Amino acid sequence: MTTQDYAARISQLIQDHQADIGTEWIGQLEALTGRANAVSREQLRAHCQQFLAAFTNATRGGVLDNIEHRSWDDARDLLAEISSSRAKGGSTPSDTATFVFSLKQPLFSRLRDGFTGDPEGLATASWTISSLLDKLGLYTIEVFQKTRDQIIVRQQQELLELSTPVVKLWQGILALPLIGTLDSARTQVVMENILQKIVDTGAAIAIIDITGVPTVDTLVAQHLMKTIAAARLMGADCIISGIRPQIAQTIVHLGVNLEDVITKATLADAFLVALERTGTAVVPATKA
């Protein structure tokens, strides 16, 4: 019997017993994932029915050794959609792969019945189905991991946005409190945020507070200078506040030139300087 003959026979067995295969498969998955699973039973049943229909239809193409063949396009697309939705819904890679691998047992049962008296044919058919489902299972894991990586990248970008807020302290005065490590990626976000805020508000002074930055090395200093230079090109001067004694010693030791930049020990001191430079005076309220 040729490979095409085996493929046709396997496909016919799946078509003839599709309903029974689906019932057994769903039952197994519910037993395996019913303990603690983010996927609802209704969604699980729908996914099983949709994929089994796509799987059955794909086997009619006669290609059971290459899931990249066009006959498997619909099945792959459906698996990609299922994997992505599970990654977003909080499922684990193991749960997602089990969705495909658990289909083996129902299929093997039908193959055993269909190849009765033909041990060689049964072995060939079993190996063909096993290899096919292994490839589909690995494909679901790849899509799952890709989706999870995209989620992580998006969350990192959102955290960067949240960790670099630019606030308006006064008319013409902005403040950017930095907390944590200042690396290249974060510096880019800092620069974009502060420049956009300068454009939106027409601010003349921007205070960069580094009280929450644990260490300042050459790279961090360079990032700060780039941000200050960019702000000046937009017509705003920068004041650096939060220069603690340890950081001051580090900056001197590194030989970083901050002569053209106003620096203050606290944000409050920097704010007073900013008020003076914008021609604003703060006076105590008189008692009635």
Original post:
FRET efficiency for D77 and L32, Cβ-Cβ distance as r, R0 = 22 Å, nearest 0.05?
Top reply: 0.30
Subject >> Estimated FRET transfer efficiency when R0 is 30 angstrom, pair R154-T92 (beta carbons, to 0.05) >> reply: 0.95
Original post:
Using Cα atoms only, what is the angle between the long axis of helix 3-16 and the major principal axis of the chain, expressed in degrees (0 to 90) to the nearest 10?
Top reply: 90
Subject >> Length-normalised contact order for the chain - Cα pairs under 8 Å, 6+ apart - percent >> reply: 13
Original post:
For all pairs of alpha-carbon atoms in segment 1-94, what percent lies in each bin of width 10 Å, listed from the first bin to the last filled one?
Top reply: 15, 41, 32, 11, 1
**OP:** Could you state the angle between the C-alpha long axis of helix 119-162 and the longest principal axis of the C-alpha atoms of the chain, as a value from 0 to 90 degrees rounded to the nearest 10?
**Re:** 10
Original post:
Could you state the number of Å between the C-alpha centres of segment 217-288 and segment 11-90?
Top reply: 61
Original post:
In degrees, nearest 10, range 0 to 90: what is the angle between the Cα axis of helix 245-254 and the longest Cα principal axis of the chain?
Top reply: 80
Original post:
Where does segment 37-194 land on the Kirkwood hydrodynamic radius, alpha-carbon pairs, in angstrom?
Top reply: 19.1
Original post:
Taking θ as phi - 60°, what are the ³J(HN,Hα) couplings along segment 271-281 by the Karplus curve (6.51, -1.76, 1.60), each to the nearest whole Hz, with x for Gly and Pro?
Top reply: 5, 4, 4, 4, 4, 4, 6, 9, x, 10, 10
**OP:** With a bin width of 10 angstrom, please list the P(r) values of the chain as percents of all Cα-Cα pairs, from the 0 bin to the one holding the largest distance.
**Re:** 6, 22, 18, 10, 10, 12, 12, 8, 3, 1, 0
**OP:** Treating each Cα of segment 172-288 as an identical point scatterer and ignoring solvent, apply the Debye formula and state log10 I(q)/I(0) at q = 0.16, 0.21 Å⁻¹.
**Re:** -0.72, -1.20
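May I ask which of K146/K226; K88/K135; K146/K197 have a Cα-Cα span longer than 27 Å here?
K146/K226; K146/K197
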Original post:
Do you know the relative contact order of segment 170-226, to the nearest whole percent, from alpha carbon pairs under 8 angstrom that are 6+ apart?
Top reply: 55
Subject >> Residue-wise HN-Hα coupling along segment 224-234, computed from phi with Karplus coefficients 6.51, -1.76, 1.60 (Hz; x: Gly, Pro) >> reply: 4, 5, 5, 5, 5, 4, 5, 5, 5, 5, 8
Original post:
Which whole-number percent is the relative contact order of segment 1-154 (Cα, under 8 Å, 6+ apart)?
Top reply: 30
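How big, in percent, is the set of alpha carbon pairs in segment 86-148 lying more than 18 Å apart?
Value for segment 86-148: 45 percent of Cα pairs lie more than 18 Å apart.
For every helix of n ≥ 4 consecutive DSSP H residues, a contribution of -39,500 (n - 2.57) applies; sum these over the chain, divide by its total residues, and give [θ] at 222 nm rounded to the nearest 500 deg cm²/dmol.
-21500 deg cm²/dmol
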Original post:
Can you give the extra length, in nm with one decimal, that the chain gains between D20 and K168 once fully stretched, where that is 0.36 nm per residue apart less the Cα-Cα distance?
Top reply: 46.7 nm
Subject >> Heavy-atom surface of the chain, accessible at 1.4 Å and reported per residue (Å²) >> reply: 54
Original post:
Using 12 Å as the cut-off for backbone N distance, which residues of segment 191-224 belong to the label zone defined by a point 7 Å from the Cα of I179 along Cα→Cβ?
Top reply: 211-213
Original post:
Residues of segment 211-242 with amide nitrogen under 16 Å from the 7 Å Cα-to-Cβ point of A268?
Top reply: 211, 241-242
Original post:
For the pair A281 and Q105, how long in nm is the line joining their label points, each one 7 Å along Cα→Cβ?
Top reply: 8.6
Original post:
Can you work out ³J(HN,Hα) from phi for every residue in segment 201-218, in order, using Karplus 6.51 cos²θ - 1.76 cosθ + 1.60 and θ = phi - 60°, giving whole Hz and x for Gly and Pro?
Top reply: 9, x, 5, 9, 10, 10, 9, 9, 9, 10, 4, x, 8, x, 9, 10, 10, 4
Subject >> Under 5 Å, built H, 5+ apart or other chain: amide partners of K264 >> reply: I240, S241, G242, I243
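The values are calculated or read from the model by the stated rules, or taken from the named source; none is laboratory data. These figures come from a predicted structure and were not determined experimentally. For neighbour counting, all protein chains shown are included, and Cβ atoms are generated from backbone atoms with ideal geometry for every residue, glycine included. Remember, those area values only see protein heavy atoms, side chains included, never the ligands or the DNA or RNA. Shrake-Rupley method; radii C 1.70, N 1.55, O 1.52, S 1.80 Å.
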